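Report on the structure given below.
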Amino acid sequence: MLPGVEEIPFDRWVAAGNDFIILDNRDGRWTDLAPVLAQRLCHRRLSVGADGLILVESSRKAHVRARFFNPDGTEFNMCMNGTRCVARYALRHVMAPRQMTIETAIGVIEAVVDYRTVHLRFYRIYEIRLHQRLAFRHQAISAHWVQIGDPHLVIPVRDVGSLDLPRLAPAFRFHPDLGPAGANVNFVHVVEPGHIDIRTYERGVEAETLSCGSGCVSTALVLAHLGYRWDTYRFHTQSGSDLLVRLEWDGGTLRAIHLSGEARLVCQGFLIPDAWEYELPRD
């Protein structure tokens, strides 16, 4: 698979419970291999394990460029938890200053590293469909659909903690009314104004993750369009780490989206062939 490659330098980062393997791809050597590397390196029982693989590349528009790959090998447009990790990675590896810009598939994102906290600011044209009725177990569930780089479904519930997510979420993730792409699924409960509990089932991972920055932003946009315009939306994630979203409005026009949260380096080293040279399990 990788003839002549004896080791791959890597970092492993965690942002509010989302974990990523990050590779330096400024020379382009991993570009064509990224989907296969994501499948093999992100497998939690057979290799290092992660929620995704990130390539950090050179950019003509920003200090660095970030590309995101799911554990199933698919590339997706945006990962806000991953982008915060990229910011600290770029600073640590002297690729960018503390205040930097990061090119992604949805545009250039501004990032400021404040020790372990990273603040993102960006603008993104989004689509939103409120109160979409989805058939589920002989009833209709009201949900809100948001397209912001990748599709997200936001479903209000009374208690996120009591949900049997592994059984419940796939029915919405692959709901036929959402088309072949499906959606990431976010179950949310407003505990009190500005404080929201959230659990997310992610496409490509095909499982619940401990947090999802894009899911938090999508939920904040839904709440704002429903009339709940708070100064800050504080999301309590399954990781125990909070993510803060702030929406910058000019009247009824969204000017910018702000997302703040932790990003931590947990290990770095070298991957050796045993990390990728193995038989993938059968479906």
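Checking each residue in region 113-139 for being in contact with a strand residue (DSSP E or B) (Cβ under 7 Å, 6 or more places away or on another chain) and free of Cβ contacts under 8 Å to residues at least 40 places away in the same chain picks out Glu127, Arg129, His131, Arg133.
Looking at region 204-228, which of its residues are over 13 Å from Leu243 (Cα atoms), assigned to a loop (DSSP other than H, G, I, E, B) and touching a Ser or Thr at 6+ places or on another chain (Cβ under 8 Å)?
Pass one, region 204-228, residues over 13 Å from Leu243 (Cα atoms): 204-209, 221-228.
Within this subset, residues satisfying the condition of being assigned to a loop (DSSP other than H, G, I, E, B) are 204-206, 226-228.
If the condition is that a residue be over 13 Å from Leu243 (Cα atoms), assigned to a loop (DSSP other than H, G, I, E, B) and touching a Ser or Thr at 6+ places or on another chain (Cβ under 8 Å), then Gly204 is the only one that fits.
Where residues in region 179-196 are among the hydrophobic types (A, V, I, L, M, F, W, C) and within 28 Å of Arg234 (Cβ to Cβ), which of them is surrounded by the fewest Cβ atoms within 10 Å (Cβ to Cβ)?
As a first pass, look at region 179-196 and keep what is among the hydrophobic types (A, V, I, L, M, F, W, C): 181, 183, 185, 187-188, 190-191, 196.
Still in the list and also within 28 Å of Arg234 (Cβ to Cβ): 183, 185, 187-188, 190-191, 196.
Values: Ala183: 24, Val185: 29, Phe187: 25, Val188: 24, Val190: 15, Val191: 12, Ile196: 27.
It comes out as Val191.
Scanning region 233-283 for residues that are farther than 23 Å from Val112 by Cα, surrounded by 16 or more Cβ atoms within 10 Å (Cβ to Cβ) and of a type in the set (Phe, Trp, Tyr) yields a single hit, Trp276.
Quick check on Val185: is it within 24 Å of Leu254 (Cα to Cα), β-branched (Val, Ile, Thr) and in contact with a Leu (Cβ under 7 Å, 6 or more places away or on another chain)? When the stated conditions are applied, Val185 passes them. Given the criteria of a type in the set (Gly, Ala, Ser), closer than 20 Å to Ile148 by Cβ and crowded, with 24+ Cβ neighbours inside 10 Å, does Ala62 qualify? For Ala62, the condition - of a type in the set (Gly, Ala, Ser), closer than 20 Å to Ile148 by Cβ and crowded, with 24+ Cβ neighbours inside 10 Å - is not met. Pairs linking a residue in region 92-112 that is of a type in the set (Asp, Glu) to a residue that is in a loop (DSSP other than H, G, I, E, B) and buried (at least 16 other Cβ atoms within 10 Å of the Cβ), with Cβ atoms under 7 Å and 6 or more positions apart or on different chains, are Glu103/Ser59; Glu103/Ala62.
Filter region 229-276 for residues that are assigned to a loop (DSSP other than H, G, I, E, B), touching a residue at least 60 places away in the same chain (Cβ under 8 Å) and either among the aliphatic types (A, V, I, L, M) or over 21 Å from Arg84 (Cβ atoms) (or both) and give the result. Give the steps one after another, and end with the answer.
Residues of region 229-276 assigned to a loop (DSSP other than H, G, I, E, B): 229-232, 237-241, 251-252, 263, 272, 276.
Restricting the remaining residues to those that are touching a residue at least 60 places away in the same chain (Cβ under 8 Å) gives 237-241, 263, 272, 276.
Ala263, Ile272, Trp276, listed by residue number.
Scanning region 204-232 for residues that are touching a Gly at 6+ places or on another chain (Cβ under 6 Å) and either small (Gly, Ala, Ser) or crowded, with 19+ Cβ neighbours inside 10 Å (or both) returns Leu210, Ser211.
Of the residues making up region 151-197, those that are among the hydrophobic types (A, V, I, L, M, F, W, C) and more than 20 Å from the chain's Cα centre (by Cα) number 6.
Please count how many residues of region 8-23 are within 19 Å of the chain's Cα centre (by Cα) and in a strand (DSSP E or B). Count: 11.
Name every residue in region 32-63 that is touching a Ser or Thr at 6+ places or on another chain (Cβ under 7 Å) and under 19 Å from Ala87 (Cβ atoms), in order of residue number. The answer is Asp51, Ala62, His63.
Scanning region 154-196 for residues that are under 19 Å from Thr74 (Cα atoms) and in a strand (DSSP E or B) yields Asn184, Val185.
The number of residues in region 105-149 that are surrounded by 20 or more Cβ atoms within 10 Å (Cβ to Cβ), β-branched (Val, Ile, Thr) and under 20 Å from Val188 (Cβ atoms) comes to 2.
Bear in mind these aren't lab numbers, they're just calculated from the coordinates by the rules spelled out. Keep in mind that what you see is a predicted model, and the values were worked out from it rather than measured. Heads up, the Cβs are rebuilt from the backbone with ideal geometry, glycines too, and the neighbour counts pull from every protein chain shown.
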